[in-house]
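The structure under discussion appears below in the form of structure tokens.
The values are calculated or read from the model by the stated rules, or taken from the named source; none is laboratory data. Given the structure is predicted, the values throughout are model-derived calculations rather than measurements. Please note: Cβ atoms are built from the backbone with ideal geometry, for glycine as well, and neighbour counts cover all protein chains shown. All accessible areas refer to the heavy atoms of the entire protein, side chains included, with ligands and DNA or RNA removed. Shrake-Rupley method; radii C 1.70, N 1.55, O 1.52, S 1.80 Å.
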Amino acid sequence: MMQRSKLRVWFGALMALSLVLAACGSDSSETTDAPEVVETTAPPETAAPETTVAETTPPTTEAAEALTLLVWADENRASVVEEVAPAFTEATGVEVQVELVDFGQIRDQVGVAGPAGEGPDVFIGASDWVGELATNGVLEPIDLGAREGDFTEASVNALTFNGVNYGVPHAVEAIALYYNTDYSPEAPATFDDMKAVCDANPDQTCLVVPGGGDGADPYHNYPFLSATGGYIFAQDGGVYDPTDVGLDSEGAIAGATFIEGLVTDGYLASTNYDDAKALFTSGDAIFWITGPWELGGAADWTVPWSVAPIPTIEGGTPKPFIGVQSFFLSSFSENKLVAQSFLLDFIATEEGQTLLYAADPRPPVHSAIIASVADDPVAAAFGLSAANGEPIPNIPEMSSVWGAWGDNMLLLRNGDITGAEAMAAAAEGVNTALGN
């Protein structure tokens, strides 16, 4: 990080320049109308937008002291932003205000609040948001500059859309298998191994996975489909084809039929997320499939547990969705250069990434943090699961997939329709929504 005196000199020059530019013309970031949401049509090929210059590290002047950065963060990350904020304020004179927003609400709210002048400068999000939010004009490109080499190539790629980077990554996540070591001292390598453990303990619930009961959750059920060759959109070299929906492909139907068998035979309980968690953490369920976001509260569990990649299914390796957690810069921010400095000089650093990992121990993507947790078996298990996985498609059309797919997977998980019926109906719903 630059010395504080250099920060102040640089920031003074930046603010003077920004005042001159403001006198010469209007600020292109001032937007009054919300951009039209694109959900069903692939965006046209356009030139890559100009990226904010990465030599940031701003400044302090009397004008700067009036600035305030608003950051939207969920409960896991808000504490980290609050911890690094004082150093940024001391170095630049810019205050940082942290607003706690539920992660599930950020995506929708930022596109509404931003045009109204009430949105954040910086916000937490996930890689699969990038295509839609960038197309709708919500995201500002970010030039990672020299910082890019500190992060895994996969994490940077996940935040790239049409050749432009839009985020500062901090963690990768993919679901894996939590298992109760009282009943399964070793991780099951195959689903047949898992069934054998459950057969030997008939009084316990075998496997809990979100996506049943009253809670549609296709995300948690995707590994069953991908293990047998199912897919969402066909792709070639990382470019997705939204006209080729694979939910009713032979592989997807095979995976859904496997789920049907687990439900029929009593191995897979019909549970929503909260019920699945309660059953495992109380010791009533032997196996639970979910992600590393639960690790922060694991110290309070009273059951012995460990984590492993999801067992193979009929010889196929499950490929859970990979999501990259990121900090984004709003295109509606009036303080873009200052916000980018906060991201690159306080969040993207080894110190910032260390704090993020300590607060929310999901598999890191910063090389120094990866090295520091190399001997942690739980981190290694989630890392291996991510290595087996597939990125969530980040194209805008993905927003039209979750509804029809989730609704029909819920019917399957609750035993109301067959696997083949679920996949046929899901594909039909998605194709209709996309106009295929």
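Starting from residues that are in contact with a His (Cβ under 8 Å, 6 or more places away or on another chain) and not in a loop (DSSP other than H, G, I, E, B), keep the ones in region 191-217 and report whichever is surrounded by the most Cβ atoms within 10 Å (Cβ to Cβ).
At the first step, the residues of region 191-217 found to be in contact with a His (Cβ under 8 Å, 6 or more places away or on another chain) are 209-211.
If we keep only those that are not in a loop (DSSP other than H, G, I, E, B) as well, we get 209-210.
On the way: V209: 26, P210: 24.
Checking each candidate, the answer is V209.
Against the definition (part of a loop (DSSP other than H, G, I, E, B), open to solvent by less than 20 Å² (accessible area, probe 1.4 Å) and in contact (Cβ under 8 Å) with a residue 24 or more places away in the chain), how does P361 come out, yes or no? Before the answer, list the steps.
On the way: part of a loop (DSSP other than H, G, I, E, B): yes; open to solvent by less than 20 Å² (accessible area, probe 1.4 Å): no; in contact (Cβ under 8 Å) with a residue 24 or more places away in the chain: yes.
No.
Yes/no per residue for (1) among the basic types (K, R); (2) open to solvent by 10 Å² or more (accessible area, probe 1.4 Å); (3) closer than 22 Å to R77 by Cα:
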{"residue": "F287", "(1), (2), (3)": "no, no, no"}
{"residue": "P292", "(1), (2), (3)": "no, no, yes"}
{"residue": "S306", "(1), (2), (3)": "no, yes, no"}
{"residue": "P318", "(1), (2), (3)": "no, no, no"}
Practice prompt. Those residues that are open to solvent by 10 Å² or more (accessible area, probe 1.4 Å), aliphatic (A, V, I, L, M) and under 14 Å from the mean Cα position of the chain (by Cα), I need them from region 159-190; list them, please.
Written response: V172
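Assess whether A299 counts as being over 27 Å from P393 (Cα atoms) and among the small types (G, A, S). It would help to see each step written out before you state the result.
Working: over 27 Å from P393 (Cα atoms): yes; among the small types (G, A, S): yes.
Taking the combined requirement at face value, the residue satisfies it.
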Fill in: Tally of residues being assigned to a helix (DSSP H, G or I) and either at pLDDT 95 or above or hydrophobic (A, V, I, L, M, F, W, C) (or both) across region 262-299
16
Practice prompt. Considering (1) touching a strand residue (DSSP E or B) at 6+ places or on another chain (Cβ under 9 Å); (2) open to solvent by less than 50 Å² (accessible area, probe 1.4 Å), say which one A252 fails and leave the rest.
Written response: (1)
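Each row is one residue, and each column tells you yes or no for (1) under 22 Å from E250 (Cβ atoms); (2) modelled with pLDDT under 95; (3) under 19 Å from the mean Cα position of the chain (by Cα).
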{"position": "K195", "(1), (2), (3)": "no, no, no"}
{"position": "A200", "(1), (2), (3)": "no, no, no"}
{"position": "C206", "(1), (2), (3)": "no, no, no"}
{"position": "D217", "(1), (2), (3)": "no, no, yes"}
{"position": "P223", "(1), (2), (3)": "yes, no, yes"}
{"position": "G229", "(1), (2), (3)": "yes, no, no"}
{"position": "F233", "(1), (2), (3)": "yes, no, yes"}
Practice prompt. Could you please find all residues in region 80-90 being open to solvent by 70 Å² or more (accessible area, probe 1.4 Å) and in contact (Cβ under 8 Å) with a residue 12 or more places away in the chain?
Written response: E82, E83, E90
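Which count do you get for residues in region 124-155 that are small (G, A, S) and either touching a Lys or Arg at 6+ places or on another chain (Cβ under 6 Å) or open to solvent by 30 Å² or more (accessible area, probe 1.4 Å) (or both)?
So the first thing to find is which residues in region 124-155 are small (G, A, S), and the list is 125-127, 131, 134, 137, 145-146, 149, 154-155.
In the following step, the residues that additionally are either touching a Lys or Arg at 6+ places or on another chain (Cβ under 6 Å) or open to solvent by 30 Å² or more (accessible area, probe 1.4 Å) (or both) were identified as 137, 145-146, 149, 154.
Result for region 124-155: 5.
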Discussion item. Given the criterion within 21 Å of the chain's Cα centre (by Cα) and either open to solvent by less than 20 Å² (accessible area, probe 1.4 Å) or farther than 17 Å from V324 by Cα (or both), identify the matching residue among G104, G93, G117, G111.
Written reply: G111
Worksheet item: Of F342, F332, which residue is buried (at least 23 other Cβ atoms within 10 Å of the Cβ) and outside any helix (DSSP H, G or I)?
Response: F332
Item to complete: Exactly one condition in (1) open to solvent by less than 40 Å² (accessible area, probe 1.4 Å); (2) touching a strand residue (DSSP E or B) at 6+ places or on another chain (Cβ under 7 Å) is not met by G230; state its number.
Response: (2)
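Please state which one of G389, G403 is surrounded by fewer than 20 Cβ atoms within 10 Å (Cβ to Cβ) and more than 24 Å from R77 (Cα to Cα).
Values: G389 fails: surrounded by fewer than 20 Cβ atoms within 10 Å (Cβ to Cβ).
Unique residue meeting the criteria: G403.
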Discussion item. Being under 25 Å from Q105 (Cα atoms) and small (G, A, S) is the filter here; which residues of region 127-167 pass it?
Written reply: S127, G131, A134, G137, S155, A158, G167
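Taking the options I322, I370, name whichever one is touching a strand residue (DSSP E or B) at 6+ places or on another chain (Cβ under 6 Å), β-branched (V, I, T) and part of a strand (DSSP E or B).
Details: I370 fails: part of a strand (DSSP E or B).
Exactly one of I322, I370 is touching a strand residue (DSSP E or B) at 6+ places or on another chain (Cβ under 6 Å), β-branched (V, I, T) and part of a strand (DSSP E or B), namely I322.
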